[in-house]
C-alpha cells in the first residue's frame, strides 16, 4: 500500500539503538491475510522530541538503579555524581549550599533535596530520617510513631503514649502535658525550680499556690457572691463593703465587728446597734443604744483603764486636759498652750489638792477628822473689804482659828477657816 504510516511504539528509551523487523501485509478479496518476508533495520531514538517537549518513557515495572549518580530535575552542574547535600553543613541538619546557579530537585542514595539559587528549600536525609523545610509544612496533625490517643472522657486529655500536635485546633497532647483548644495548660509533673513565670521563680509561685489552696480550703472561699471563711465569720458584704466579725452570728449575740462604720462590740443580749452595744469607735455617724453619735466618737459601757488619758489638744494650742496617774498621785491636769495651768490631784496620803499653777494658789483638803482645810496664797494679802471674796486670803493677824462650833466674831479681815466639826 503506497504512502507513509506512523506507528506508535511503547517502551522505548530515549537516546537508544533498537532493531526492528519490517514486512508487508496483504489481505486477499476472500479475507486471507498474508505477509511478505521481513527486513531488519536499526533506529536510534532521540534524546528529546523534535519540538523539545518532554519525551515520555513508560517503565512498565522495570527497576531503574542509580549506580553512584544523581537523578535531578532542573539546572545543576554537570557530574553531580554522589552528591551529599549535607557535606559541609555546619549543624548536620540544614543542608550545605551548592552552586548559586543550581535550581531544582536532586535525588540520590543520600536523600532528596531541593535548591533555589543554591539555597536549600527542603531536604530529607535517607540515613537518619531527619527532614528540613525552609517554608511552611501543612498538615492536619503531627503524631509521634508511638502515639496512642487518650482514653479519658474529659480534660486533661493526656495521651496514653506518644505525642500529638493538632494543627487545626491548636492542641498539644502528651502523657503528662496538655494544652487544650482554649489555651488552658495541664501539667502532670514538676516545674523546675530554676524556671520563671512572669519573672518570678516557678517554685516560689507553686509555694504560694499551695499555701493559697490550703487557706482557701480552711479559711477564705467564695460563697455565692461573698468571700467567706469556712464558718462564715469573715464575709464580704456587698451593701456596706467588707465586714469582719468574730462571734457565732453577724447580727446578734456576743460579737465584734469591723466594717465601714468602725469597730463595734456587742453583748450577748444584742440584736442590733439599738441595744447591747458594749463599745464602739465610729468612723461615721450612727445610732448606738438609741443615741446618735457623730463620726469620730468612742463609746464604752464599762470601765476604761489606763495611766494617761488626754484630749486631742492637750499641751498644744489652746486649752486641753489630761487624766494621769504615776502610781502615787492621780490628777486631772488642765493645760493652756504647751504648759499645765491648773490641776486637781489626789495623793496616796488621802489629801486632795486644787491648784492654779499660773496664780500659784492651792486648796488642800487633808484626811478627816483631825486635819483642817488649809487655804494658801503665795502672795498673802490682808487688804480688802471685809467679807469680799475677791481673792482667798490668809490670816495675817496671827489669830488662831476658831474652835469647832464657836463664833467667828472678831475676825474682821475676811479670813476663812474651815475646821472639822
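Taken along the Cα-to-beta-carbon direction at a fixed 7 Å, the label points for residue 177 and residue 36 span 8.2 nm.
Label sites at residue 291 and residue 184, each approximated as a point 7 angstrom past Cα along Cα to Cβ, lie 5.9 nm apart. Extending 7 Å from the Cα toward the beta-carbon at both residue 313 and residue 157 defines two label points whose distance is 7.7 nm. With R₀ set to 45 Å, the beta-carbon distance separating residue 283 from residue 168 gives a calculated FRET efficiency near 0.15.
Legend: calculated FRET efficiency, residue 134 to residue 43, from the Cβ-Cβ distance at R0 = 51 Å, rounded to 0.05, equals 0.65. Between residue 149 and residue 195, the contour length at 0.36 nm per residue exceeds the alpha carbon distance by 13.6 nm. Compute the distance from the alpha-carbon center of the range 299-342 to that of the range 120-170, in whole Å. Result: 82 Å between the Cα centres. How much FRET efficiency would the formula 1/(1 + (r/R0)^6) give for residue 305 and residue 258, where r is the Cβ-Cβ distance and R0 is 25 Å, rounded to 0.05? Here the calculated transfer efficiency is 0.65.
In terms of surrounding Cβ atoms within a 10 Å radius of their Cβ, 309, 279 rank from fewest to most as 309, 279.
Every read-out reported here was derived from the displayed coordinates using simple, explicitly stated rules and does not represent laboratory data. Since we're looking at a predicted model, the values are computed, not measured. Cβ coordinates were reconstructed from backbone atoms using ideal geometry, including for glycine residues, and neighbour counts include every protein chain displayed.
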